[in-house]
Amino acid sequence: MTRRSPAGFEEVDPGPGWDALPLPALVLDEQGRVTAMNDAAEVWLNMSRNSTLGRTLDGDEMGTRLRIHPSLSPLVFRVVQGDEPLYQPNVRFEIGDRAGGHQERRALVHAGPAGELGGGVTLLLVPQDEAGLQSQNRAVRTAARSAIGMAEMLAHEIKNPLAGIRGAAQLIGMNASPEDREMAEMIVSESKRIVSLLEQVERFGDTSAPNLRAINVHDVLEKVRRSAAVGFAKKIGIVAEYDPSLPDALADADQLTQVCLNLVKNAAEALKDTDRPAIRLRSFYDHTLRLPPDETDPTGRPLPLQIEIEDNGPGLPPAIADQIFEPFVSGRENGTGLGLALVSKIITDHGALIRVDSRPGRTVFRISLPKA
């Protein structure tokens, strides 16, 4: 069976089982034009066969609908010339959506000779998101467990005697000389700061389940945006790009607000030395995203509702980018390394996912939630 695009370009027939492949797959001719794509490729690339057939996959013909970095053209040329399979890891696909924005996905691209299918190249895309989701989800759970243990130890051993130290310093300061009073005030101030830190640590010891119910994520994002705009981010441009058709999410509104507020605060901190600082709050629907399968859910729980918090700052330090959700890991000089660990615990308790993609000029935290 063959198909024709509106321009009359005929699709080749790769044979039975092509559309049943679970991974995105395409066939290109020697000029790099798409001659076949399976159902999984249509879904993953968010592009129909009719609009793609006969076009070069990463050429100017795609416009803003699809951008691929690095370009696959050199890989395709080498396969055509050498008639041997090759692969390209960590290929970034910027996929346009109806709202004019872009979703970013990564894949390991396997390229091999197409043989009887026209002498071109067959591409098999192995989404790296799925493997990354699974490993990151395990890291998030490990971070949460270790942080809970730390919370129980630190809060009980330090907080109570610290209150005594602060009280004693206040009493000393009441009858001290001006010089000694200044030292006493410093002890009180530093004690308050440590108490605040311990209160943040104590939150990890709260093992109560989140109050999951149907919520509108845009209500949460607007509350965070208004709070940031009149407070810590009043000198930063905050852009809201919401999908108004998004259904309700299953989440705890207060905890989700805490998560998003923490992420926006981190973004504002990262933008202190950035020209034209900007933060973008975005929501969209992605029906392809699921939790990795496990013994409780062999198909993987769907997580179609997406929240992204993006900034145009310098990006995460490469040395800690892979451990950013672990407790006591921070990229700031005076950071505690507890904010993102708490975020990871809350999201894990929701049965949801959080990921980060960072490079200089663009850092995106994405939260994936289930439908109510």
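The values are calculated or read from the model by the stated rules, or taken from the named source; none is laboratory data. Note that the structure is a prediction, hence the values are computed from the model and not measured. All Cβ positions, glycine included, derive from the backbone under ideal geometry; neighbour counts span all protein chains shown.
Got at least one residue in the range 27-41 being at pLDDT below 85 and aliphatic (A, V, I, L, M)?
no
Just checking: which of the strands (runs of 3 or more DSSP E) contained wholly in the range 8-126 hold 1 or more residues that are more than 21 Å from the chain's Cα centre (by Cα)?
Qualifying strands (runs of 3 or more DSSP E): 25-28, 34-37, 86-96, 102-113.
Any idea which residue in the range 226-235 is farthest from the chain's Cα centre (by Cα), counting only those that are closer than 22 Å to D275 by Cβ and either modelled with pLDDT of 90 or more or assigned to a helix (DSSP H, G or I) (or both)?
Applying the filter and picking the extreme gives A229.
On the basis of being surrounded by 15 or more Cβ atoms within 10 Å (Cβ to Cβ) and more than 18 Å from the chain's Cα centre (by Cα), does A253 make the cut?
Details: surrounded by 15 or more Cβ atoms within 10 Å (Cβ to Cβ): yes; more than 18 Å from the chain's Cα centre (by Cα): yes.
Yes: the conditions hold for A253.
Out of the residues in the range 59-99 meeting the condition of being modelled with pLDDT under 75 and of a type in the set (G, A, S), tell me which one is nearest to Y242 (Cα to Cα).
By that ranking, first place goes to A99.
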